[in-house]
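A quick write-up on the structure given underneath.
The values are calculated or read from the model by the stated rules, or taken from the named source; none is laboratory data. What you see is a predicted model; the values in this text were computed from it and never measured. Cβ placement follows ideal geometry from the backbone for every residue including glycine, while neighbour counts extend to all protein chains displayed.
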Ligand SMILES: Nc1nc2c(c(=O)[nH]1)N[C@H]1C(S)=C(S)[C@@H](COP(=O)(O)O)O[C@H]1N2
Ligand SMILES: [Mo]
C-alpha cells in the first residue's frame, strides 16, 4: 500500500473541489484558502493522546460492546482506518459545516434514547436502546465507507442487519419505502452556522427502498472499533449502507417509518441535481462537480495519510446488491 503522508491536515479536509458542504460553506472556504481557518485542527487529530479531560477526548463516555465477528465481512485488502481519524474527521451538519464537529457533537443527548418504528407495519413499536441491543444480536462487520466527496475509510462497525428490524416490524403489502429520521432539536443541533441554517431542510432524512433495507448489507450500527458509537459518528444508532455514498447513512436515528411513496431526503431536497435518491457508488457516473473514478483512501494511522485508489462499482459490494438494480 502506497499511503502518502499528508504533512498538514488542511491539505485534505474541505477540499474545495469535492465538498458536499460547499453549498453553505463558501465563506469558510475562503478563510481556508488564506490559512486562517482549517477544517480539522491538529488538536482534534491528537485529541486522544493529549486528552486532559472530556473536552479533549473524542472517545469520551464510550463503553465496550461484545459482538461476534461476521466472517463474511472482515478486513480485506484495504486496512482499517485509524480510530482517531474516523472519530475526528466527520460529516454531521447538524453540528457544523466542517469536518471538525466532534466537540460540538458532544451536546447530543443520547440517554435516554428511543427509536419509533411505525407506518405501514403490523407491529409498530418504540424501542429504547436496551430493547434494540437485547432484541437483535450484535455482530461486528468491517466495511468500506465511501463519501460522495471522494474520500473513503474502512470501519469496523458493531450492530445488526436492518433486515432483523424489518422482520420484526412486518411491513404490509403497501409499504415500499422506509424513511429514516435523524435527531433534530434546533437548540442543540444548531447546524452549519450562518443565515442558511434555518432554511435547510431539517431534520436530516434518508430513505431506502424496502428491498434495499432487506438486503443483508444494510446495517444499523450501535458501535464501532469495539465500543459504542461516539456522538460525532451518530450515536447511539446510525445507518450503514456500504454500497451507497456515505450521506445515505443517516446518523442518530429517532424514527423509522414504512411508507408507500419514495420519501424526500435531506440532500435530494437541498440539491436535487447532485444527490439522487438511489446514490449507489458508481465510479463511471461523475458528480456534477467532480469525478468519482478514484477515491482518497484515508490511511490506517492516527494522522492523515492518503492513497488514491480506484472507486469500485457498488463500493465493491456488487455481488451482494447488483441484482437489486436490474
Ligand atoms: N444526520 C446526519 N447524518 C449524516 C450526515 C449528516 O450531516 N447528518 N452526514 C452524512 C455524510 S455526508 C457522511 S460521509 C457520513 C459521515 O459519517 P462519519 O462522520 O461517521 O464518517 O454521515 C452521513 N450521515
Ligand atoms: Mo458524505
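Tabulated results
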item: Residue count for the stretch 136-156, restricted to those that are within 21 Å of residue 84 (Cβ to Cβ) and either near ligand 1 (Cβ under 10 Å from one of its atoms) or part of a loop (DSSP other than H, G, I, E, B) (or both); result: 8
item: Residues satisfying the stated conditions in the stretch 252-281, i.e. in a loop (DSSP other than H, G, I, E, B) and modelled with pLDDT of 95 or more; result: 252, 260, 261, 262, 263, 264, 265, 277, 278, 279, 281
item: Top-ranked residue in the stretch 202-245 [being within 16 Å of ligand 2 (Cβ to nearest atom) and in a loop (DSSP other than H, G, I, E, B); ranked as nearest to residue 92 (Cα to Cα)]; result: 234
item: Residue check for residue 110: in contact (Cβ under 8 Å) with a residue 24 or more places away in the chain, closer than 30 Å to residue 302 by Cβ, in contact with a helix residue (DSSP H, G or I) (Cβ under 7 Å, 6 or more places away or on another chain) and outside any strand (DSSP E or B); result: yes
item: Residue list for the stretch 240-271, restricted to those being touching a helix residue (DSSP H, G or I) at 6+ places or on another chain (Cβ under 8 Å), under 21 Å from residue 123 (Cα atoms) and within 10 Å of ligand 1 (Cβ to nearest atom); result: none
item: Residue 136, sole failed condition from (1) away from ligand 2 (no atom under 16 Å from the Cβ); (2) modelled with pLDDT under 95; result: (2)
item: Qualifying positions in the stretch 311-326 - part of a loop (DSSP other than H, G, I, E, B) and either in contact with a strand residue (DSSP E or B) (Cβ under 9 Å, 6 or more places away or on another chain) or crowded, with 19+ Cβ neighbours inside 10 Å (or both); result: 311, 312, 317
item: Some residue of the stretch 167-179 being crowded, with 22+ Cβ neighbours inside 10 Å and under 15 Å from the mean Cα position of the chain (by Cα); result: no
item: Tally, over the stretch 175-189, of residues that are part of a loop (DSSP other than H, G, I, E, B), in contact (Cβ under 8 Å) with a residue 12 or more places away in the chain and away from ligand 1 (no atom under 13 Å from the Cβ); result: 3
item: Single residue of 208, 229, 308 found to be touching a strand residue (DSSP E or B) at 6+ places or on another chain (Cβ under 6 Å), within 28 Å of residue 168 (Cβ to Cβ) and more than 12 Å from ligand 1 (Cβ to nearest atom); result: 208
item: Residue in the stretch 108-123 that is within 16 Å of ligand 1 (Cβ to nearest atom), modelled with pLDDT under 95, buried (at least 16 other Cβ atoms within 10 Å of the Cβ) and within 30 Å of residue 179 (Cβ to Cβ) present; result: no
item: Out of 196, 146, sole residue that is within 16 Å of ligand 2 (Cβ to nearest atom) and touching a helix residue (DSSP H, G or I) at 6+ places or on another chain (Cβ under 7 Å); result: 146
